[in-house]
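**Student:** Let me give you the structure first, and then I'll get to my questions.
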Amino acid sequence: MEQTKFWVAFNAIQGIGSVRLQKLAAFFPDLSTAWYARRADLLASGLPERVCDGFIAARKKIDPDQALADILKLGIEILTLDDELYPRRLREINNPPPILFLKGEYIPTDEWAVAIVGTRKASSYGKQITQELTEFLVAHDITIVSGLARGVDAIAHETALRSHGRTIAVLGCGVDVIYPPEHRELTFKISQDGVLMSDYFPGTPPESVNFPPRNRIISGLSLATIVIEAGIKSGALITATYAAEQGRDVYAVPGPIYAQQSKGTNQLIAEGATPLLNFELLLDNLNIRQDSIYEKPRAVVPENQTEEQILLALNDEAYMLDEIMQKTSLPVQTISASLSMMELKGYITQVEGAKYRISHGKSILKRNIKDEI
């Protein structure tokens, strides 16, 4: 923690970005020495004269101890490149962010993550694919990474949480800033059951210039980046570009050639991205099955005869409420109440508006019911 306060203090200085901070860390024995260094030594480290003079003036106004204390008071955790818990995959990219601010806890299994990104104006097709893909990955203990934007990002985060999985939201503002404002509740839930992450100092507003650079963190944390839907000019395509530059796999969901939401993804495929045609193949391509952390999908265990009848009726297909009633001969009130509970448990999912299906990655484990009614 003694050196952490200097990572924080340097992060508050304009003109000292990732590259320059890493140069300082490499030149001086530690960042505390760099913070108090003489002008001649700072210049010798490679700082341009203008940046050097700006830093010397700015450091007089910053108390590293107070800067750290102010952040910790907000319930914000800090990871630096010096920390063992700093994300391993992110450390591997070119010029990784020297400091990360977190709300929530980054855990070792979050190294097994996949980024899901896409348009803010998702079609019904895009929404369905996002939900089903997220459920499938969560069922295989993969953490979902996205950017908390409207549309595909938000659907991926929400579905991961609803499926009792892990999710990381990488922000283009401080982790204490709610953006977009309608995601206040979602932001809170992610901070409780996942991670809000940013390399921007707490309090930083969501300015447009902040978002393209943060996309390198989304892809850097992830084994692969999957673009669901995106226009030709889209932040999701920027994330895909970063992923390719970082040597990570890029997948794109193909779509109708005339649909605006699919022009970007179809272009990615034309440029060499892998078309996402099979969820199972995705696991094989990422070699997740061979890793010791991989676990088989958890089975759905019906808690009563009604749940078992409904699950057997669905049988991996999607049905409307009245269709389920015809297949089970159960009263509509009983089915409706059970469907609500089963959705909360993550057993089933609503698709195409009002149809229900068994969640991806779930298998039915029949109960041995004896004279329960």
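**Student:** I'd like the full set of residues that are without any contact (Cβ under 8 Å) to a residue 60 or more places away in the chain and buried (at least 16 other Cβ atoms within 10 Å of the Cβ), limited to region 167-188.
**Tutor:** Matches in region 167-188: THR167, ALA169, VAL170, LEU171, GLY172, CYS173, VAL177, ILE178, TYR179, HIS183, LEU186, THR187.
**Student:** So, one more: Take the residues of region 119-166 that are over 10 Å from the mean Cα position of the chain (by Cα) and on the phi > 0 side of the Ramachandran plot: which is surrounded by the most Cβ atoms within 10 Å (Cβ to Cβ)?
**Tutor:** Across region 119-166, the extreme among qualifying residues is GLY151.
**Student:** Considering each of ALA9, ALA44, ALA37, ALA57 in turn, give the residue that is under 29 Å from GLY220 (Cα atoms) and either surrounded by 15 or more Cβ atoms within 10 Å (Cβ to Cβ) or more than 28 Å from the chain's Cα centre (by Cα) (or both).
**Tutor:** ALA9
**Student:** Can you spot a residue in region 204-214 that is modelled with pLDDT of 95 or more, in a loop (DSSP other than H, G, I, E, B) and within 14 Å of the chain's Cα centre (by Cα)?
**Tutor:** Checked against the condition, which is being modelled with pLDDT of 95 or more, in a loop (DSSP other than H, G, I, E, B) and within 14 Å of the chain's Cα centre (by Cα), region 204-214 yields no hits at all.
**Student:** What is the one condition in (1) in contact with a helix residue (DSSP H, G or I) (Cβ under 6 Å, 6 or more places away or on another chain); (2) surrounded by 15 or more Cβ atoms within 10 Å (Cβ to Cβ) that ILE232 does not satisfy?
**Tutor:** Here ILE232 clears every test but (2).
**Student:** Look at SER262 and say whether it is among the polar types (S, T, N, Q), within 22 Å of LEU90 (Cβ to Cβ) and either modelled with pLDDT under 95 or not in a strand (DSSP E or B) (or both).
**Tutor:** no
**Student:** Quick check on region 275-283. Is at least one of its residues among the polar types (S, T, N, Q) and surrounded by fewer than 18 Cβ atoms within 10 Å (Cβ to Cβ)?
**Tutor:** yes
**Student:** Within the set of pairs 6+ apart or on separate chains, which have a first residue in region 268-296 that is farther than 16 Å from THR134 by Cβ, a second that is modelled with pLDDT under 90 and β-branched (Val, Ile, Thr), and C-beta atoms under 7 Å apart?
**Tutor:** Close Cβ pairs (under 7 Å, with a partner that is modelled with pLDDT under 90 and β-branched (Val, Ile, Thr)) amount to TYR294/ILE288.
**Student:** May I ask you to say which residue of THR328, THR274, THR349 is under 30 Å from ALA243 (Cβ atoms), hydroxyl-bearing (Ser, Thr, Tyr) and at pLDDT 85 or above?
**Tutor:** One residue alone meets the criteria, THR274.
**Student:** Considering only residues that are surrounded by 24 or more Cβ atoms within 10 Å (Cβ to Cβ) and outside any helix (DSSP H, G or I), which ones fall in region 215-226?
**Tutor:** LEU221, SER222, THR225, ILE226
**Student:** Turning to a different aspect of this structure: Could you identify the single residue in GLU92, GLU2 that is exposed (fewer than 14 other Cβ atoms within 10 Å of the Cβ) and more than 27 Å from the chain's Cα centre (by Cα)?
**Tutor:** Step by step, each of GLU92, GLU2 is checked, and only GLU2 is exposed (fewer than 14 other Cβ atoms within 10 Å of the Cβ) and more than 27 Å from the chain's Cα centre (by Cα).
**Student:** Taking region 235-274 as the search range and keeping residues that are under 22 Å from LEU100 (Cα atoms) and aliphatic (A, V, I, L, M), which one is surrounded by the most Cβ atoms within 10 Å (Cβ to Cβ)?
**Tutor:** Looking at the filtered set, the residue picked out is ALA236.
The values are calculated or read from the model by the stated rules, or taken from the named source; none is laboratory data. Note that the structure is predicted; figures quoted are calculated from it, not measured. Every residue, glycine as well, gets a Cβ built from its backbone with ideal geometry; the counts of neighbours run over all protein chains shown.
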